[in-house]
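Laboratory data are not the source of any read-out in this text; all were calculated from the coordinates shown. These numbers come from a predicted model, not from an experiment. Neighbour counts run over all protein chains shown; Cβ positions are idealised from the backbone, glycine included.
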Amino acid sequence: MPLVLYDTWERALRPFTPLQADHVGLYCCGPTVYDYAHLGNLRTYVFEDVLRRVLQHAGYRVRHVVNITDVGHLVSDADQGEDKMEKGSRRTGESAWTIADKYTAAFQADWRALNLLEPALWCKATEHIGEQIAMIAAIEANGFTYRTADGVYFDSSKQDDYGYLARLDRAGLDAGARVALGDKRHATDFALWKLSPPDSQRQMEWDSPWGRGFPGWHIECSAMAAKYLTPWFDIHCGGEDHVAVHHSNEIAQSEACFGTRLANYWMHGHFMLESGEKMSKSSGQFLRLQTLLDRGNDALAFRYLCLTAHYRSQLRFSLDALDAAQVALDRLRKTFADWPDGGSVDAHWAARFDAEINQDLNLPRGLALVWELARSPLDAATRKATVAYCDQVLGLGLAHWQPTQRVTPPAVAALQAERAAARANKDWPRADALRQQLLNLGWEVQDKA
């Protein structure tokens with residue numbers, strides 16, 4: 001079955017046809033590194049990793065680019081408030097540059113713990129200021145901007161199809177705007193370049209033709225994607241919260257500069273919910289991957305949990321669901337490790353798996369098929385080879401897993417020996433007391449007849 005993907009631009013499933021015969025350009029919006037990534041963020045990156053794996057599984061060479069937003073993302077997507085990097089600097093007492101490096105490293109550590117394939121390129125907004133200034137200048141020369149006291153803005157009224165990605169009601173937004181627009185002409189206009197306040201100095205600011213300041217959030221992705229993937233490439237990804245503002249603005253400024261909507265397919269992962277609400281860093285209360293590791297879960301158990309829900313459906317997170325994913329992953333790992341090597345991939349089962357994942361990345365069905373395969377009457381070596389074939393997409397690292405050998409601490413070994421002696425002497429109360437001590441230390445005792 002040919003690969004079919006859901007395109008937010010068309011609001012429909014589309015057969016995937018690359019712009020070049022065997023090559024796919026893939027751009028994924030990365031983190032704003034003013035704090036740690038939360039589990040909802042990471043779910044989106046798992047979806048994008050699966051997309052890349054499915055494309056490679058289909059035989060395409062994928063050039064995967066991920067940005068790092070280390071300047072320009074204001075606390076409000078409507079160009080209000082302070083830069084999140086400056087806010088993070090005040091919260092931590094460290095410089096904006098220091099926290100950018102700190103949280104970038106933390107994000108990339110989470111990335112690798114989840115077995116996400118390394119992108120061809122990580123690109124930082126602060127390392128591409130020249131490209132952003134050049135793109136803004138081109139948009140200005142084409143007549144799509146106006147200047148205000150605090151910067152250069154994109155005039156969304158100059159495009160009849162502005163907001164088509166989100167099917168925005170522009171007239172309704174302008175009429176119902178409940179926040180002061182300031183010098184903005186329309187609610188949907190957005191900053192391309194923000195000027196630094198005249199009475200203070202920012203930590204992150206640069207000279208430009210319009211004055212000293214910093215780029216708006218949206219321009220970085222268009223400028224870097226165009227540089228590394230050309231102004232017309234295959235797939236642009238992000239979270240569902242990017243549709244109405246960030247990606248709509250990327251498309252608008254790209255059309256004004258290059259005459260393209262930047263990407264042929266726009267794909268979006270849906271939210272992960274906790275207690276019925278979207279996870280958010282701005283709330284200050286959120287779950288990190290490290291939180292799960294600290295309670296004894298495996299990072300790949302979270303990946304497994306993400307695979308149980310389709311990327312275009314919301315996933316409700318709970319510790320019970322995570323623990324169930326951990327149990328299932330551990331069972332699959334042990335089953336896979338117990339099978340002998342030397343088998344060949346079964347063509348029938350492989351074709352069934354490919355049909356599921358090619359239907360808009362239907363990983364829940366693909367995962368269910370793996371369990372059906374594991375319980376099938378195929379010989380064990382064939383099952384192992386075929387599950388390994390499927391794991392190229394699942395990304396659970398089954399072939400690399402090894403059961404851990406738990407080393408018995410000397411104090412525990414001494415209690416075990418003392419208990420054995422008590423049992424030999426038929427001192428059952430003492431043996432029971434020692435059993436309880438071992439349980440309190442996390443060691444379960446199983447007596448053999």
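For Lys227 and Lys334, calculate 0.36 nm times their separation in residues minus their Cα-Cα distance, and state this gained length in nm to one decimal.
On the way: separation 107, 0.36 × 107 = 38.52 nm, distance 4.54 nm.
Contour length minus Cα-Cα distance gives 34.0 nm.
Between the stretch 1-40 and the stretch 121-159, how far is it from one alpha carbon centroid to the other, in angstrom?
24
Under a 5 Å amide H to amide H cut-off, with H placed in plane at 1.01 Å, what residues pair with Asn67 once short-range neighbours are removed?
Correct list: Cys28, Gly30, Cys123.
Taking θ = phi - 60°, what integer Hz values does the Karplus form 6.51 cos²θ - 1.76 cosθ + 1.60 yield along the stretch 119-130, in sequence order, with x for Gly and Pro?
Once θ is set to phi - 60°, the couplings for the stretch 119-130 become x, 5, 7, 9, 10, 9, 4, 5, 9, 9, 5, x Hz.
Taking 41 Å as R0, compute the FRET efficiency from the Cβ-Cβ separation of Asn142 and Asn115 and round it to 0.05. List each step's numbers first, then the result.
Details: r = 43 Å, r/R0 = 1.06.
It comes to 0.40.
Relative to the present Cα-Cα distance, how much length would full extension add between Thr260 and Leu293 at 0.36 nm per residue of separation?
Numbers: separation 33, 0.36 × 33 = 11.88 nm, distance 4.34 nm.
Result: 7.5 nm gained on full extension.
Spin-label point model (7 Å from Cα, Cβ direction): what's the Ala321 to Ala420 distance in nm?
The modelled label-to-label distance comes out at 4.6 nm.
Starting at 0 and stepping by 10 Å, how many percent of the alpha carbon pairs of the stretch 364-412 end up in each bin?
22, 41, 18, 12, 7
Modelling each spin label as a point 7 Å along the Cα-to-Cβ direction, I'd like the Asp22/Asp183 distance in nm, to one decimal.
The answer from the label model is 5.4 nm.
Using the Kirkwood formula over every pair of different C-alpha atoms, what hydrodynamic radius in Å results for the stretch 323-425? Each step should come with its number before you reach the end.
Working: mean 1/r = 0.0627 Å⁻¹.
For the stretch 323-425, inverting the mean 1/r across all distinct Cα pairs yields 15.9 Å.
Output needed for the chain: three equivalent-ellipsoid semi-axes, defined as square roots of 5 times the C-alpha gyration tensor eigenvalues, in descending order, whole Å.
Details: eigenvalues 470, 166, 61 Å².
So the three semi-axes of the chain are 48, 29, 17 Å.
Counting only DSSP beta bridges with both residues in the chain, tell me the antiparallel percent, nearest 5.
Numbers: 21 of 46 bridges.
Roughly 45 percent of the beta bridges in the chain run antiparallel, per DSSP.
By the gyration tensor of its Cα atoms, with a ≥ b ≥ c the square roots of the eigenvalues, what is the shape of the stretch 369-449: rounded for a/c under 1.5, prolate for a/b over b/c, or oblate?
Prolate, since a/c reaches 1.5 and a/b exceeds b/c.
Can you work out the Karplus-derived ³J(HN,Hα) for every residue in the stretch 204-216? Use 6.51 cos²θ - 1.76 cosθ + 1.60 with θ = phi - 60°, whole Hz, and x for glycine or proline.
10, 7, 9, 6, 8, x, 9, x, 6, x, 8, x, x
For a quick check of your reading of the filter: which trypsin sites (Lys or Arg not before Pro) in the stretch 397-443 sit in a DSSP loop and have no more than 13 other Cβ atoms within 10 Å? Before the final figure, lay out each step's value.
Values: sites: Arg406, Arg419, Arg423, Lys426, Arg430, Arg435; in loops: Arg406, Lys426.
Hits after loop and neighbour filter: Arg406, Lys426.
When the chain is fully extended, how far beyond the present Cα-Cα distance does Ala380 get from Arg167, taking 0.36 nm per residue of separation? Provide the component values of the computation, followed by the final result.
On the way: separation 213, 0.36 × 213 = 76.68 nm, distance 5.14 nm.
Once the chain is fully extended between Ala380 and Arg167, it gains 71.5 nm.
Starting with the fewest neighbours, write out Lys184, Lys158 ranked by other beta-carbon atoms found within 10 Å of each beta-carbon.
Numbers: Lys184 23, Lys158 15.
With the sparsest Cβ surroundings first, the list reads Lys158, Lys184.
For the stretch 4-269, place one equal point scatterer on every Cα, skip the solvent, and apply the Debye formula. What is log10 of I(q)/I(0) at q = 0.07, 0.14, 0.17 Å⁻¹?
Log-scaled intensity ratios, in q order: -0.24, -0.99, -1.44.
List the pairs from Lys102/Lys124; Lys87/Lys227; Lys158/Lys184; Lys84/Lys194 whose alpha-carbon separation is above 24 Å, in the order I gave them.
On the way: Lys102/Lys124 14 Å; Lys87/Lys227 29 Å; Lys158/Lys184 14 Å; Lys84/Lys194 14 Å.
Beyond 24 Å: Lys87/Lys227.
May I ask you to sort Val62, Val4, Val370 by Cβ crowding, counting other Cβ atoms within 10 Å and putting the fewest first? Numbers along the way, then the final one.
On the way: Val62 21, Val4 16, Val370 24.
Going from least to most buried by this count: Val4, Val62, Val370.
Using Cβ contacts closer than 10 Å as the measure, can you line up Leu168, Leu434 from fewest to most?
Working: Leu168 18, Leu434 21.
Neighbour counts put them in this order, fewest first: Leu168, Leu434.
Between Ser157 and Gln56, how many nm apart are label points set 7 Å from Cα along the C-beta direction?
Those two pseudo-labels are separated by 4.9 nm.
Ignoring the sites themselves, what is the longest stretch of the chain with no GluC sites (Glu not before Pro) in a DSSP loop and at most 14 other beta-carbon atoms within 10 Å?
Values: sites that count: Glu10, Glu94, Glu444.
Longest gap between qualifying sites, sites excluded: 95-443.
At what distance in angstrom do the alpha carbon centres of the stretch 91-105 and the stretch 204-223 lie from each other?
Their Cα centres are 20 Å away from one another.
Report the trypsin sites (Lys or Arg not before Pro) located in the stretch 332-393 that are in a DSSP loop and have at most 15 other Cβ atoms inside 10 Å of their Cβ, or state none. Present the calculation step by step, with values, prior to reporting the outcome.
Numbers: sites: Arg333, Lys334, Arg352, Arg365, Arg375, Arg383, Lys384; in loops: Arg375.
Qualifying residues, ordered by number: Arg375.
Per-residue HN-Hα couplings for the stretch 298-308, Karplus 6.51 cos²θ - 1.76 cosθ + 1.60 at θ = phi - 60°, whole Hz, x for Gly and Pro?
With the stated coefficients, the stretch 298-308 comes to 8, 4, 6, 5, 5, 4, 4, 4, 4, 6, 7 Hz.
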